[in-house]
Amino acid sequence: MTSVAAAIRAALLETDPRAKVFAARAVARDFASGALPFVFNVAMPDEPGRPARPELLPPGRMPKRGKFGSDRARIALWHALAHIEFVAIDLALDMAGRFGAEQGRAFVADFLGVAADEAMHFALLDRKLRTLGSHYGALPAHGGLWEAARNTAHDVAARLAVVPMVLEARGLDVTPPTLERARAAGDESGARILQRILDDEIRHVRLGATHFAAISSIRRESAENLWKSLVRAHFGGAIKPPFNDSARLAAGLSRDWYAGVA
Ligand SMILES: [Fe+2]
Ligand SMILES: [Fe+2]
């Protein structure tokens, strides 16, 4: 690869899950070591590469998930989480590749690091599915997760406001109860995976919030007002409690902000 942009684009276009995991981790490592020059000579694709399976369904057509009772419900839960992490690899790659030229080296290094984390999260969850006799692709998955990228491709501030600061922050709210259910069901390995994901996601949200604050100050705007207006304009869903206030605070999100748009 002759440029970091070309390597990111190639990872985005990768359709095979294991190859995408490998490519995301390789581009992060190679950029960190200086093997990939900070050159942005190719555009990012509008849509990333996806494997033939899972079948992607509109959100309203996803089968309802049970709560950890049966093996089937467990597999459905881990599969849904694996899909979220798979799309998260592409969201982080696209953040670095689409906005890296304007935002600089530290921004690119940060979000390639996030992409490598997401690749690891996905790999852990796919391995978990295999221990349960399933695998990523065995069930249908939520087809709406790339929507946020499409809606915010024009502006790095909008992307940061919605992806790390709304979607990944939502993960901080929902992961601890899932972790508790795994632990209560005696699934220690599952609980450990979720703890690792939670710890990493706090860092991801904090990175997003930090870069967002820096961009707001360059634009001479109040970060709080800018965030609220971008979320209203570009995020179609609801921001709803219960919030994990302590994890959100650790990630640098202020309750005044998100409670204000909820
Ligand atoms: Fe993740
Ligand atoms: Fe993340």
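The values are calculated or read from the model by the stated rules, or taken from the named source; none is laboratory data. Note that the structure is predicted; figures quoted are calculated from it, not measured. No Cβ is skipped: glycine too gets one built from the backbone with ideal geometry, and neighbour counts run over all protein chains shown.
Could you list, in sequence order, all residues of the stretch 71-94 that are among the aromatic types (Phe, Trp, Tyr) and either in the same structural domain as Gly190 (by TED's automatic domain parsing) or farther than 15 Å from Ala116 by Cβ (or both)?
Trp78
If the condition is being more than 16 Å from ligand 1 (Cβ to nearest atom) and among the basic types (Lys, Arg), then the stretch 168-186 contributes Arg181, Arg183.
If the condition is being more than 22 Å from Glu147 (Cβ to Cβ) and either in a helix (DSSP H, G or I) or of a type in the set (D, E, K, R) (or both), then the stretch 216-241 contributes Ser216, Ser217, Ile218, Arg219, Arg220, Glu221, Ala223, Glu224, Asn225. When we screen Glu188, Glu168 for residues that are over 25 Å from Tyr258 (Cα atoms), touching a helix residue (DSSP H, G or I) at 6+ places or on another chain (Cβ under 9 Å) and outside the structural domain of Asp90 (by TED's automatic domain parsing), the only hit is Glu188. For the stretch 110-132, filtering for residues that are among the polar types (S, T, N, Q) and buried (at least 21 other Cβ atoms within 10 Å of the Cβ) leaves 0.
Checking the stretch 102-113 against the condition returns a match, with at least one residue being assigned to a helix (DSSP H, G or I), under 19 Å from Asp46 (Cα atoms), within 16 Å of ligand 2 (Cβ to nearest atom) and not aliphatic (A, V, I, L, M). When the criteria are applied in full, Ala76 meets the requirement of being over 30 Å from Ala213 (Cβ atoms), away from ligand 1 (no atom under 16 Å from the Cβ) and either β-branched (Val, Ile, Thr) or not in a loop (DSSP other than H, G, I, E, B) (or both). Inside the stretch 26-71, can you point out the residues that are assigned to a loop (DSSP other than H, G, I, E, B) and of a type in the set (Phe, Trp, Tyr)? Within the stretch 26-71, Phe38, Phe40, Phe68 qualify. A count restricted to the stretch 174-202 and to residues that are under 16 Å from Gly113 (Cα atoms) and free of Cβ contacts under 8 Å to residues at least 12 places away in the same chain stands at 1. Checking each residue of the stretch 142-164 against the condition of being assigned to a loop (DSSP other than H, G, I, E, B) and within 16 Å of ligand 1 (Cβ to nearest atom) gives at least one match. Mind listing just one residue for me: the one in the stretch 187-209 that is away from ligand 1 (no atom under 11 Å from the Cβ) and not aliphatic (A, V, I, L, M) and, of those, surrounded by the fewest Cβ atoms within 10 Å (Cβ to Cβ)? So, considering only residues that are away from ligand 1 (no atom under 11 Å from the Cβ) and not aliphatic (A, V, I, L, M), the one surrounded by the fewest Cβ atoms within 10 Å (Cβ to Cβ) is Glu188. Only one of the listed residues (Ser217, Ser254, Ser222, Ser246) is out of contact with any strand residue (DSSP E or B) (no Cβ under 8 Å at 6 or more places or on another chain), surrounded by 13 or more Cβ atoms within 10 Å (Cβ to Cβ) and among the hydroxyl-bearing types (Ser, Thr, Tyr). That residue is Ser254. Confirm whether Gly171 is surrounded by fewer than 19 Cβ atoms within 10 Å (Cβ to Cβ) and either within 15 Å of ligand 2 (Cβ to nearest atom) or over 25 Å from Gly252 (Cα atoms) (or both). Judged against the criteria, Gly171 is not a match. Number of residues in the stretch 10-53 that are surrounded by fewer than 21 Cβ atoms within 10 Å (Cβ to Cβ) and not aromatic (Phe, Trp, Tyr) equals 27.
Among the criteria (1) within 15 Å of ligand 1 (Cβ to nearest atom); (2) farther than 28 Å from Leu249 by Cβ, the one Leu112 does not fulfil is (2). Comparison of Met120, Met95 shows that the only residue that is aliphatic (A, V, I, L, M), over 22 Å from Glu47 (Cβ atoms) and within 13 Å of ligand 2 (Cβ to nearest atom) is Met120.
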